[in-house]
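Quick notes on the structure that follows.
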Amino acid sequence: MDESGGPDAPSRYFVLGAIAVSESDMDALRAAVRLIVEKHLHPHLRGIEIHAKAMRAGEGPWRSIPAALRFSMLDELTALLGSFAQQHPSFRL
């Protein structure tokens, strides 16, 4: 879960986002994310925490990574989340 905005932020909007994934599907999702990270990042950078805001803005450890690479990685991660099909029968849409 992640949030953006709130009482201490200067924005008038509050955005809250989350996804629910069955425990039995976590390994598949984790492996798919790992493949994207390995495709884009040098081994010594692969432990960086993935936060869309920091990636877009080039903040913190993302500062040293070229914008085109960060945006390509974000596009792939977003596509993954949008297309991930959970295999657990109780969670299929």
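The values are calculated or read from the model by the stated rules, or taken from the named source; none is laboratory data. As the structure is a prediction and not an experimental result, all values here were calculated from the model. Cβ: placed from backbone, ideal geometry, glycine included. Neighbour counts: every protein chain shown. All accessible areas refer to the heavy atoms of the entire protein, side chains included, with ligands and DNA or RNA removed. Shrake-Rupley method; radii C 1.70, N 1.55, O 1.52, S 1.80 Å.
Tell me the Kirkwood radius of the range 9-93: reciprocal of the mean inverse pair distance over distinct alpha-carbon atoms, in Å.
It is 14.6 Å.
What is the extension gain from LYS39 to ARG12, computed as 0.36 nm multiplied by their sequence separation minus the C-alpha to C-alpha distance, in nm to one decimal?
Fully extending the segment from LYS39 to ARG12 adds 6.0 nm.
With a 1.4 Å probe and all protein chains kept in place, how do ARG34, ARG70 rank by accessible area, largest first?
Largest accessible area first, the list is ARG34, ARG70.
What is the extension gain from ALA28 to GLU59, computed as 0.36 nm multiplied by their sequence separation minus the C-alpha to C-alpha distance, in nm to one decimal?
8.3 nm
Arrange the residues MET26, MET73 by how much accessible surface each exposes, largest first, with a 1.4 angstrom probe.
MET26, MET73
What list of ³J(HN,Hα) values in whole Hz, one per residue of the range 30-39 in order, does the Karplus curve 6.51 cos²θ - 1.76 cosθ + 1.60 (θ = phi - 60°) give from phi, with Gly and Pro shown as x?
4, 5, 5, 5, 4, 4, 5, 4, 5, 5
What distance in nm lies between label points placed 7 Å from Cα along the C-beta direction at PHE71 and GLU49?
Those two pseudo-labels are separated by 2.6 nm.
So how do GLU23, GLU49, GLU59, GLU76 rank on accessible area, 1.4 Å probe, biggest first, that is with the largest at the start?
These residues rank, largest area first, as GLU23, GLU49, GLU59, GLU76.
Whole-Hz ³J(HN,Hα) for each residue in the range 16-25, computed from phi via Karplus 6.51 cos²θ - 1.76 cosθ + 1.60 with θ = phi - 60°, x for glycine and proline: what do you get?
Running phi through 6.51 cos²θ - 1.76 cosθ + 1.60 with θ = phi - 60° gives 10, x, 7, 10, 10, 10, 4, 4, 6, 9 Hz.
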